[in-house]
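The values are calculated or read from the model by the stated rules, or taken from the named source; none is laboratory data. As the structure is a computational prediction, the values presented were derived from the model and not from experiment. Using ideal geometry, Cβ is built from the backbone for each residue, glycine included, and neighbour counts are taken over all protein chains shown.
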Amino acid sequence: MPINLEKFKAAYEKWVEESLPDFRAGKMEDVIKKYPFVVSEDVPWTVFRGHPSEKTIALVTSGGLYLKDSQPAFDAESIHGDPSFREIPRTVRPEDLGISHPHYDHSLAEQDVNTIFPIQPFIALEKEGIVGKIADTHYSFSYVNDVVTLLTESVPAVIARMRSEGVDTLFLVPV
């Protein structure tokens, strides 16, 4: 069953209107309890075929990572969240990354970013021949409440970029 974005959009707009005062007051538990989560009766699953050593792999994290010196932080102040994404190169160094996601404890990620973006372990697997190629570009999202924009703009853009780079396997790291 596909997601009915029009139905969600109506429920979402009502949620924003009703929840904005609580959001501004910092009552996040109350805001989350009212959120109109998308519930699908289907499992969006594709069976893995082939061998990992033949695949081009990209990572996607929802950890709110961005390049401190060249990208803006995600909007952490809006009730809508930030449906945009940031491109992260495979050559990134941990010290180049910032975290802009207000809804999880960053302490472990700050000690080792591989807990939310395991690029270094994947590069090691590539060097060992266990996986084929680690893509040159990876992606980060932050917290997003605006599912309509996420699904109609951001996700298709990321998919197109991954396809242009020959990515055939996605490793999702939700936080």
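Which residues, taken from segment 95-130, are among the aliphatic types (A, V, I, L, M) and closer than 15 Å to Thr56 by Cα?
Scanning segment 95-130 gives Ile119, Ile123, Ala124, Leu125, Ile130.
For segment 90-111, residues that are farther than 18 Å from Leu67 by Cβ and either among the charged types (D, E, K, R) or modelled with pLDDT under 95 (or both) total 4. Counting the residues of segment 132-155 that are touching a strand residue (DSSP E or B) at 6+ places or on another chain (Cβ under 7 Å), at pLDDT 95 or above and hydroxyl-bearing (Ser, Thr, Tyr) gives 4. Based on this model, can you work out whether Pro156 counts as closer than 18 Å to Val92 by Cα and out of contact with any Ser or Thr (no Cβ under 8 Å at 6 or more places or on another chain)? Judged against the criteria, Pro156 is not a match.
Condition check for Val31 on (1) more than 16 Å from Leu150 (Cβ to Cβ); (2) assigned by TED's automatic domain parsing to the domain that holds Asp146; (3) surrounded by 18 or more Cβ atoms within 10 Å (Cβ to Cβ): one failure, at (2). Counting just the residues of segment 102-131 that are in contact with a strand residue (DSSP E or B) (Cβ under 6 Å, 6 or more places away or on another chain) and part of a loop (DSSP other than H, G, I, E, B), which one comes out farthest from Met162 (Cα to Cα)? The residue in question is His106. For beta carbons closer than 7 Å, sequence separation of 6+ or different chains, a first residue in segment 95-111 that is within 16 Å of Ser142 (Cα to Cα) and a second that is in a helix (DSSP H, G or I), the qualifying pairs are Leu97/Val113; Ile99/Ala109; Ala109/Thr115.
Considering only residues of segment 102-133 that are under 19 Å from the mean Cα position of the chain (by Cα) and either outside the structural domain of Gln71 (by TED's automatic domain parsing) or among the acidic types (Asp, Glu) (or both), which is nearest to Pro174 (Cα to Cα)? Per the stated criteria, the residue is Asp105. Comparison of Asp42, Asp82, Asp69 shows that the only residue that is surrounded by 13 or more Cβ atoms within 10 Å (Cβ to Cβ) and of a type in the set (Asp, Glu) is Asp82.
Only residues that are touching a residue at least 12 places away in the same chain (Cβ under 8 Å) and closer than 30 Å to Ile130 by Cβ were counted across segment 11-49, and they come to 1.
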